[in-house]
1. Considering segment 291-335 alone, what residues qualify as being part of a helix (DSSP H, G or I) and charged (D, E, K, R)?
2. For segment 186-193, indicate whether the set of residues that are in contact with a Phe, Trp or Tyr (Cβ under 8 Å, 6 or more places away or on another chain), small (Gly, Ala, Ser), closer than 21 Å to PHE93 by Cβ and at pLDDT 90 or above is non-empty.
3. Looking at segment 235-246, can you tell me whether even one residue there is out of contact with any helix residue (DSSP H, G or I) (no Cβ under 8 Å at 6 or more places or on another chain) and crowded, with 18+ Cβ neighbours inside 10 Å?
4. Quick one: SER98 ticks every box in (1) open to solvent by 80 Å² or more (accessible area, probe 1.4 Å); (2) small (Gly, Ala, Ser); (3) modelled with pLDDT of 90 or more bar one, so which box is it?
5. If you go through segment 217-243 one residue at a time, how many are within 20 Å of ALA58 (Cβ to Cβ) and either of a type in the set (Gly, Ala, Ser) or outside any helix (DSSP H, G or I) (or both)?
6. Considering segment 176-210 alone, what residues qualify as being within 11 Å of ILE286 (Cα to Cα) and touching a Leu at 6+ places or on another chain (Cβ under 7 Å)?
7. Quick check on my filter: what residues within segment 136-181 are assigned to a helix (DSSP H, G or I), among the small types (Gly, Ala, Ser) and surrounded by fewer than 10 Cβ atoms within 10 Å (Cβ to Cβ)?
8. Based on what the data block shows, is LYS266 basic (Lys, Arg), modelled with pLDDT under 90 and closer than 20 Å to GLY316 by Cβ?
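The values are calculated or read from the model by the stated rules, or taken from the named source; none is laboratory data. Values in this document were obtained by computation on a predicted structure and should not be read as measured data. No Cβ is skipped: glycine too gets one built from the backbone with ideal geometry, and neighbour counts run over all protein chains shown. Heavy atoms of the whole protein, side chains included, go into the accessibility calculation; ligands, DNA and RNA do not. Shrake-Rupley method; radii C 1.70, N 1.55, O 1.52, S 1.80 Å.
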Amino acid sequence: MSEAEQIPASASEAAASAVLDALNATDSNGTEALNATAKFVATPEGTALAYGSLVFMALLPIFFGALRSVTCSKSKNAADMPETITSRDAARFPIIASCTLFGLYLFFKVFSQEYINLLLSVYFFVLGVLALSHTMSPLMSRVFPASFPNKQYQLLFTQGSGESKEEIVNYEFDTKNLVCLLISTVVGVWYLLKKHWIANNLFGLAFALNGVELLHLNNVSTGCILLGGLFVYDVFWVFGTNVMVTVAKSFEAPIKLVFPQDLLEKGLEASNFAMLGLGDIVIPGIFIALLLRFDVSLNKNSRTYFYSSFLAYIFGLGLTIFVMHTFKHAQPALLYLVPACVGFPVIIALFKGELTEMFRYEESSEETKEEATESEKKDQ
């Protein structure tokens with residue numbers, strides 16, 4: 001697969017957060033395409049279509065993932081409970097991401113790129129099928145008529161017997177989930193066999209939406225620590241070394257959104273892609289989703305902080321594209337996204353006099369809430 005202009009990627013994703021850090025680089029317009037003998041120069045129309053499509057695709061998982069994160073935070077189903085990122089996790093993440101990125105760089109230098117990508121394709125095939133199935137599930141519930149025979153199933157694995165019996169896997173699903181799984185598997189086989197960019201994007205959107213929905217920051221301070229650390233991480237690995245660019249060019253997995261710049265000339269068989277790494281969607285996205293849950297907690301029927309951060313994301317991504325296109329040089333997207341997504345809501349909170357309330361907002365799991373309720377009852 002050849003590539004020309006690429007929107008930078010930055011860090012992590014839900015199911016494979018460490019691996020996402022591989023895609024954090026951007027090639028300038030007219031760079032030599034991989035596995036090609038000639039340079040490709042995109043037309044203005046093709047460039048505008050590619051960039052516009054990538055921005056639109058980036059906004060979808062952030063918007064809908066944030067909305068689903070509100071429902072997810074109230075869920076009592078253990079399978080749907082979010083993974084909460086603490087301040088300690090946030091502080092360690094850039095270090096872990098850097099080690100993973102450099103490890104991948106060494107792997108691609110030492111071992112055959114073909115075999116590594118084959119292994120990664122199989123790995124992400126499994127993850128992609130599960131992620132896409134989970135993404136489609138709410139939609140299928142609306143599509144199927146009420147008369148549809150929706151049978152319930154349970155997959156249960158235990159260890160030991162009697163009183164010492166311990167649950168290893170306890171997964172409940174229904175017929176609609178099986179239909180989603182079947183459709184997702186078809187997309188997965190299409191991706192494995194053809195590596196088509198549409199199949200790649202279906203998996204990429206599913207990964208991003210699941211990441212925004214299921215990865216929760218416990219408070220705004222943790223979000224600032226995470227985004228600040230990855231801000232430094234992104235700038236260093238893009239401007240300071242060629243590690244990120246090398247890994248991005250070598251890595252073949254559905255952990256980026258791509259759109260062909262030669263679509264108008266070649267149709268669906270186009271092969272010169274602009275790309276956006278999922279890290280530049282998921283990392284700001286989980287912070288934007290946190291602000292939406294903060295809006296909900298205020299009980300004011302207002303989504304001021306969510307919409308301001310959402311618009312800030314659009315501004316930051318647009319600025320990234322403008323700078324990259326102007327200077328023809330790789331750009332770390334978080335260099336622009338982090339100040340925008342954090343700065344806009346903080347300024348609004350200052351004007352509204354809610355800055356202290358914003359930073360005091362603390363998310364707790366359903367389990368913690370139940371424990372607190374039980375503790376209050378005992379005290380009474």
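1. ARG293, ASP295
2. Scanning segment 186-193, I find no residue that is in contact with a Phe, Trp or Tyr (Cβ under 8 Å, 6 or more places away or on another chain), small (Gly, Ala, Ser), closer than 21 Å to PHE93 by Cβ and at pLDDT 90 or above, so the answer is no.
3. no
4. Looking at each condition in turn, SER98 falls short on (1).
5. Number of matching residues: 2.
6. ALA208
7. Residues satisfying the conditions are GLY162, SER164.
8. On the way: basic (Lys, Arg): yes; modelled with pLDDT under 90: yes; closer than 20 Å to GLY316 by Cβ: no.
Spelling it out, it is not the case that LYS266 is basic (Lys, Arg), modelled with pLDDT under 90 and closer than 20 Å to GLY316 by Cβ.
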